[in-house]
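Read-outs throughout are calculated quantities, based only on the coordinates presented, and are distinct from any laboratory measurement. Quantities reported herein were computed from a predicted structural model and do not represent experimental measurements. We place every Cβ from the backbone using ideal geometry, glycine too, and count neighbours over all the protein chains shown.
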Amino acid sequence: MLLKKSDVAQALMKRDENGINELLRHYGPLIKYVIRPFLKNSADREECLSETVMLIWKNIDKFDGSKGSFKRWVTVVARNSAVSFLRKNKFSEELEELSEKIPSSEPSPEEALEIKERRRKLAKAVSMLSEKEKVLFYRKYYYFQSNIQIAAEMGITEKAVEGRLYRLRNRLRVMLGDDENE
């Protein structure tokens with residue numbers, strides 16, 4: 001039974017297994033689009049797609065339509081899944097290469113607090129940007145899209161993207177009180 005895009009989330013919440021097929025039909029291309037910049041190997045992308053679908057299936061009860069659209073939630077799950085997949089595989093490769101015990105990479109409590117505070121300040125600064133600047137920021141630094149891809153999808157030149165990103169970074173530095181150069 002084919003479902004409308006708007007009915008996919010409800011089918012998944014009812015634990016209707018047809019919802020998985022409909023999720024792939026309606027949102028599969030979006031999930032692949034989000035995963036692609038993180039994973040270069042097509043086998044890894046397929047495995048990550050499967051993991052993403054399973055995460056959506058297992059965590060559908062965490063979706064809250066009042067906080068955002070289902071499409072946005074799927075995008076966030078896909079991105080986080082790709083980042084986790086990349087970290088997991090990179091960590092596995094590094095473990096194979098190292099023969100010594102790896103020191104903890106966990107930040108100290110002070111570092112964790114500093115990181116949390118910097119993230120809070122950045123989120124506040126980003127919220128003050130215009131919609132166009134937010135789109136550019138998220139495409140580059142959240143979805144890790146290339147300048148060429150951003151330019152093609154936004155209908156501007158690659159040089160325009162580079163210039164806007166340069167000005168955006170400088171503006172954020174001023175807003176964050178970080179006057180250091182890159």
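How high is the FRET efficiency between Y142 and V174 when r is their beta carbon distance and R₀ equals 22 Å, given to the nearest 0.05? All intermediate terms of the calculation are to be shown ahead of the outcome.
Details: r = 21 Å, r/R0 = 0.95.
According to the calculation, E is roughly 0.60.
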Residue exposure sequence - Y33, Y166 - by fewest surrounding Cβ within 10 Å:
Y166, Y33
Given 0.36 nm per residue, what is the gain on full extension from K40 to V76 after removing their alpha carbon distance, in nm?
11.0 nm
Enumerate the whole-percent occupancy of each 5 Å bin, from 0 to the last occupied one, for all C-alpha pair distances of the range 109-174.
3, 16, 24, 23, 15, 10, 5, 3, 1
Modelling each spin label as a point 7 Å along the Cα-to-Cβ direction, I'd like the K116/K159 distance in nm, to one decimal.
4.7
For the chain: Kirkwood Rh in Å [reciprocal of mean 1/r, alpha carbons]
19.1
Given a Förster distance of 30 angstrom, what is the FRET efficiency for W57 paired with K124, based on the Cβ-Cβ distance and rounded to 0.05?
0.30
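For the residues M13, M175, what sequence is obtained by ranking on other C-beta atoms within 10 Å, fewest first?
Exposure proxy ranking, most exposed first: M13, M175.
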